[in-house]
Amino acid sequence: MERPVTEADLEFDHVPDTDQSFENALAKARDGDRLTVDDAIELLTTGTDSEGIDRRRKERVLEAANRRRADVVGEEVTFVANLNNNVTTACNVGCLFCNFKDAAHTFESEYEAETAGFTKTPADSRETVSDAVDRGIYEVTSVSGLHPAFALDDEHLEILREHPTPKEVNFKPPEVYETDPGTYAAQLEAMSVDGVHVHSMTPEEAYHARRGTDWSYEEVYRRLQEAGLDTVPGTAAEILVDEVRDVICPGKIGTDGWLEAMEAAADVGLGLTATIMYGHVENEAHRAMHLKRVRELQERVDGAITEFVPLSFVHQNTPLFEHDIVSSGPSDDEDELLIAVSRLFLDNVEHIQSSWVKYGDQQGLKMLSCGADDFMGTILSEEITKRAGGEYGEFRSFSDYVELIESIGRVPVERSTDYEKRRVIDPDEPPFGPELGPKADGTPLLERDERTVPADD
Ligand SMILES: C[S@@+](CC[C@H](N)C(=O)[O-])C[C@H]1O[C@@H](n2cnc3c(N)ncnc32)[C@H](O)[C@@H]1O
Ligand SMILES: Nc1c(NC[C@H](O)[C@H](O)[C@H](O)CO)[nH]c(=O)[nH]c1=O
Ligand SMILES: N[C@@H](Cc1ccc(O)cc1)C(=O)O
Ligand code: SF4
């Protein structure tokens, strides 16, 4: 009888094995020399000469990264007033680390039960974004499942409708579904309320937006930009090594496709972020290779990547955990080392984010002394991490931010998505609220009594 793949069965070509020594790698990091993949492996493992993490060595890596952070960006800790608006959870790509998705057939009108997921129409999205813009947000982040009815725009929808084998291009017409998500262009137009910054369309979504056509990624991102897209979130990166992608997301575009889409977005003038989703089946060699691919991409796109966002794998409700392919997510030591080595390795990316959704407040603050300098955003609503079993809530207020950042003696700064606009917040001048958004007037984004979920501090 066949048994499912387990952690022990995974055999990778790339393993954390080097000719470098930990001490050499650390000396290079301290001197500000450009690190190699082998150097990064030594630092991430605290030395391949011994098993497990050596705590004293780890502290030395964190210290080097913290010093580098201070040299590069100083003592300011940034965050953005933003809203997270996921349009739909319908998705058939089947990534094994993801519990955000719901099988697309459960959204069909003829499905006998009620779907556990949701789809918003462009009008629904507009209402949600409009309310948040009135409260003062600067940015809306929007990432979604790859709904089979989604097309880039009306022209793409017609092409898909006439496609001889719609199944092969993961298309079903909107009429089949209880709720029509509209097109990507319609969603972006609807979300562009009062000039709010729209951060959306991951490389995987861009791939979906060109399926069944011969359009280039440049063409796709150009059209999306015309519809209101401002910058692109570099999620869907996961681990940019195909032997890992083959295990955790075999239905996704490969490493080359992801890089091609990001380059195309930069070519049409869109700003980018980049991510890594780590702590599942991959090893330190894969993490280091991923960092190298991001550093090389940043050279090709001439600095268009404004921040690097490490996403710590949340394992509880995911197929990877449920099928015993992994037994947990990363440890705190691994999280800290990943942030630190990202800072030291990515010498051409200015900002490293500590994601409170993933780390919580206390560990999130610790990351700000391990190399990170950005503390994410207010987001107001969160589905991806929550559905995976994350427990750090869905929003942070400006007063939460000021209190947290002050508690470690750093300077709270409200930023725009691209970090071009920055506003230092005086902790002695409450109340605290956003000032950079199109309708921001400095009043609090959230009143304490409006909270439905308590903060975890
Ligand atoms: C859920 S997808 C939504 C956008 C789109 N479907 C895509 O894949 O690009 C966004 C990102 O969330 C992250 N993510 C999903 N599940 C996660 C988990 N269990 N732990 C940490 N990050 C996760 C992955 O990095 C993924 O690329
Ligand atoms: N805007 C950021 C988010 N947004 C929330 C995501 O949709 C989700 O919570 C999750 O992080 C996906 O893995 N999350 C960040 O970690 N950082 C952001 O800047
Ligand atoms: N702000 C980051 C992080 C992010 C992470 C996960 C998301 O689903 C969305 C955004 C980005 O732009 O990529
Ligand atoms: S990560 Fe994105 S593409 Fe993969 S299953 Fe989840 S929603 Fe779908």
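The numbers here are math on the coordinates, done by the rules we state, and not lab data. Just so you know, these numbers come straight off a predicted model, no measurement behind them. All Cβ positions, glycine included, derive from the backbone under ideal geometry; neighbour counts span all protein chains shown.
Can you give me the number of residues within region 385-409 that are assigned to a loop (DSSP other than H, G, I, E, B), more than 16 Å from ligand 1 (Cβ to nearest atom) and surrounded by 19 or more Cβ atoms within 10 Å (Cβ to Cβ)?
The initial filter retains those residues of region 385-409 that are assigned to a loop (DSSP other than H, G, I, E, B), namely 389-397, 408-409.
Add one more test, that the residue is more than 16 Å from ligand 1 (Cβ to nearest atom), and what stays is 395-397, 408-409.
Okay, now just the ones that are also surrounded by 19 or more Cβ atoms within 10 Å (Cβ to Cβ), so 395-397.
So the count comes out to 3.
In the set 183, 231, 202, which member is in contact (Cβ under 8 Å) with a residue 60 or more places away in the chain and polar (S, T, N, Q)? Before the answer, list the steps.
Numbers: 183 fails: in contact (Cβ under 8 Å) with a residue 60 or more places away in the chain; 202 fails: in contact (Cβ under 8 Å) with a residue 60 or more places away in the chain.
Every option except 231 fails the conditions.
Given the conditions (1) over 18 Å from residue 291 (Cβ atoms); (2) more than 16 Å from ligand 4 (Cβ to nearest atom); (3) not in a loop (DSSP other than H, G, I, E, B), and given that residue 215 satisfies all but one, which numbered condition is not satisfied?
Status for residue 215: all satisfied but (3).
Restricting the search to region 302-356, which residues are closer than 19 Å to residue 237 by Cβ, within 12 Å of ligand 1 (Cβ to nearest atom) and in contact with a Leu (Cβ under 9 Å, 6 or more places away or on another chain)?
310, 312, 313, 318, 320, 326, 330, 355
Quick one: would you say residue 93 is within 20 Å of the chain's Cα centre (by Cα), buried (at least 20 other Cβ atoms within 10 Å of the Cβ) and among the β-branched types (Val, Ile, Thr)?
Working: within 20 Å of the chain's Cα centre (by Cα): yes; buried (at least 20 other Cβ atoms within 10 Å of the Cβ): no; among the β-branched types (Val, Ile, Thr): yes.
The answer is no for residue 93.
Suppose we filter region 346-365 for residues that are in a loop (DSSP other than H, G, I, E, B) and buried (at least 19 other Cβ atoms within 10 Å of the Cβ); how many remain?
We begin by selecting, within region 346-365, every residue in a loop (DSSP other than H, G, I, E, B); these are 346-350, 354-355.
Within this subset, residues satisfying the condition of being buried (at least 19 other Cβ atoms within 10 Å of the Cβ) are 346, 349, 354-355.
Of the residues in region 346-365, 4 are in a loop (DSSP other than H, G, I, E, B) and buried (at least 19 other Cβ atoms within 10 Å of the Cβ).
Identify the single condition in (1) assigned to a helix (DSSP H, G or I); (2) touching a helix residue (DSSP H, G or I) at 6+ places or on another chain (Cβ under 6 Å) that residue 92 does not satisfy, given that it satisfies every other one.
Among (1) assigned to a helix (DSSP H, G or I); (2) touching a helix residue (DSSP H, G or I) at 6+ places or on another chain (Cβ under 6 Å), residue 92 violates only (1).
Looking only at region 57-106, count how many residues are away from ligand 1 (no atom under 15 Å from the Cβ) and of a type in the set (A, V, I, L, M, F, W, C).
Step one: of region 57-106, the residues away from ligand 1 (no atom under 15 Å from the Cβ) are 57-83, 105-106.
With the extra rule that they be of a type in the set (A, V, I, L, M, F, W, C), the set shrinks to 61-62, 64-65, 70, 72-73, 77, 79-81, 83.
Matching residues across region 57-106 total 12.
Just need a number here: residues in region 98-152 that are without any contact (Cβ under 8 Å) to a residue 12 or more places away in the chain and farther than 18 Å from residue 179 by Cα.
Residues meeting the conditions: 1.
Just to be sure I understand, how many residues within region 194-212 are assigned to a loop (DSSP other than H, G, I, E, B) and in contact with a helix residue (DSSP H, G or I) (Cβ under 7 Å, 6 or more places away or on another chain)? Let's see the steps before the verdict.
At the first step, the residues of region 194-212 found to be assigned to a loop (DSSP other than H, G, I, E, B) are 196, 201-202, 209-212.
Still in the running and in contact with a helix residue (DSSP H, G or I) (Cβ under 7 Å, 6 or more places away or on another chain): 196, 201, 209-212.
Summing the residues that are assigned to a loop (DSSP other than H, G, I, E, B) and in contact with a helix residue (DSSP H, G or I) (Cβ under 7 Å, 6 or more places away or on another chain) in region 194-212 gives 6.
Take residue 369 and tell me if it is touching a residue at least 24 places away in the same chain (Cβ under 8 Å), under 30 Å from residue 316 (Cβ atoms) and either touching a strand residue (DSSP E or B) at 6+ places or on another chain (Cβ under 8 Å) or among the polar types (S, T, N, Q) (or both). Write out each step before concluding.
Values: touching a residue at least 24 places away in the same chain (Cβ under 8 Å): yes; under 30 Å from residue 316 (Cβ atoms): yes; either touching a strand residue (DSSP E or B) at 6+ places or on another chain (Cβ under 8 Å) or among the polar types (S, T, N, Q) (or both): yes.
Considered against the rule, which asks whether it is touching a residue at least 24 places away in the same chain (Cβ under 8 Å), under 30 Å from residue 316 (Cβ atoms) and either touching a strand residue (DSSP E or B) at 6+ places or on another chain (Cβ under 8 Å) or among the polar types (S, T, N, Q) (or both), residue 369 comes out as yes.
How many residues does region 222-241 contain that are within 12 Å of ligand 1 (Cβ to nearest atom) and either surrounded by fewer than 22 Cβ atoms within 10 Å (Cβ to Cβ) or of a type in the set (A, V, I, L, M, F, W, C) (or both)? Full working, then the answer.
Within region 222-241, the subset within 12 Å of ligand 1 (Cβ to nearest atom) is 232-240.
Still in the running and either surrounded by fewer than 22 Cβ atoms within 10 Å (Cβ to Cβ) or of a type in the set (A, V, I, L, M, F, W, C) (or both): 232-233, 235-237, 239-240.
Here the count works out to 7.
Does residue 251 satisfy the condition of being within 14 Å of ligand 4 (Cβ to nearest atom), closer than 22 Å to residue 91 by Cα, buried (at least 22 other Cβ atoms within 10 Å of the Cβ) and in contact (Cβ under 8 Å) with a residue 60 or more places away in the chain?
Working: within 14 Å of ligand 4 (Cβ to nearest atom): yes; closer than 22 Å to residue 91 by Cα: yes; buried (at least 22 other Cβ atoms within 10 Å of the Cβ): no; in contact (Cβ under 8 Å) with a residue 60 or more places away in the chain: yes.
Considered against the rule, which asks whether it is within 14 Å of ligand 4 (Cβ to nearest atom), closer than 22 Å to residue 91 by Cα, buried (at least 22 other Cβ atoms within 10 Å of the Cβ) and in contact (Cβ under 8 Å) with a residue 60 or more places away in the chain, residue 251 comes out as no.
Give the residue that is nearest to residue 233 (Cα to Cα), with candidates limited to residues of region 176-220 that are surrounded by 23 or more Cβ atoms within 10 Å (Cβ to Cβ) and of a type in the set (Phe, Trp, Tyr).
184
So which residues in region 368-384 are within 14 Å of residue 309 (Cα to Cα), within 12 Å of ligand 2 (Cβ to nearest atom) and either of a type in the set (D, E, K, R) or outside any strand (DSSP E or B) (or both), if there are any at all?
372, 374, listed by residue number.
Hey, among 242, 230, which residue is over 13 Å from the mean Cα position of the chain (by Cα) and within 16 Å of residue 305 (Cα to Cα)? Steps first, answer last, please.
Numbers: 242 fails: within 16 Å of residue 305 (Cα to Cα).
Going through 242, 230 in turn, the sole match is 230.
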